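Working notes for the structure below.
The values are calculated or read from the model by the stated rules, or taken from the named source; none is laboratory data. Computed from a prediction, not measured in an experiment: that's the story for all the values here. Every residue, glycine as well, gets a Cβ built from its backbone with ideal geometry; the counts of neighbours run over all protein chains shown.
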Amino acid sequence: MPGLDVGDPPRLFQETFIVARCAGGDLVRDGWTELEHRFMDDARWWTLAQIAASAETIYPKGLAGLLPEVLAGRWPGEPVAIAWE
């Protein structure tokens, strides 16, 4: 992944995203691995509008386009494979 330097040796990431609903609250980093602490500068709650308008790099790419259906409670019948670039 261009611009992602997590050290030696090079790593291939395969991630799974799961939809969960909650009442919000403070995000905590308890239980994160050392690599996650090095890689993630910040974590916070975002609205769909904030994601869509952001100039930040947000993964998965195209998240803003996927969220309206999910937020409306419409789930795909099968898992969705999301291209990393």
When R29 is run through (1) closer than 25 Å to V70 by Cα; (2) touching a helix residue (DSSP H, G or I) at 6+ places or on another chain (Cβ under 8 Å), the failure sits at (1)
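Scan segment 62-77 for residues that are under 14 Å from the mean Cα position of the chain (by Cα) and outside any loop (DSSP other than H, G, I, E, B) and report the count. Before you say what the answer is, go through the steps one by one.
The initial filter retains those residues of segment 62-77 that are under 14 Å from the mean Cα position of the chain (by Cα), namely 62-67.
Retained after the next criterion (residues that are outside any loop (DSSP other than H, G, I, E, B)): 63-67.
Counting residues in segment 62-77 that are under 14 Å from the mean Cα position of the chain (by Cα) and outside any loop (DSSP other than H, G, I, E, B) gives 5.
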Search result, residues across segment 18-40 that are farther than 24 Å from G73 by Cβ, touching a residue at least 24 places away in the same chain (Cβ under 8 Å) and of a type outside the set (F, W, Y): L35, R38
By residue number, the members of segment 4-61 that are modelled with pLDDT of 85 or more, part of a loop (DSSP other than H, G, I, E, B) and small (G, A, S) are A23, G24, G25, G31, S54, A55
Some residue of segment 55-68 being hydrophobic (A, V, I, L, M, F, W, C) and touching a residue at least 24 places away in the same chain (Cβ under 8 Å): no
Against the condition out of contact with any Asp or Glu (no Cβ under 8 Å at 6 or more places or on another chain), over 21 Å from Q14 (Cβ atoms) and surrounded by 10 or more Cβ atoms within 10 Å (Cβ to Cβ), how does L71 come out, does it pass? yes
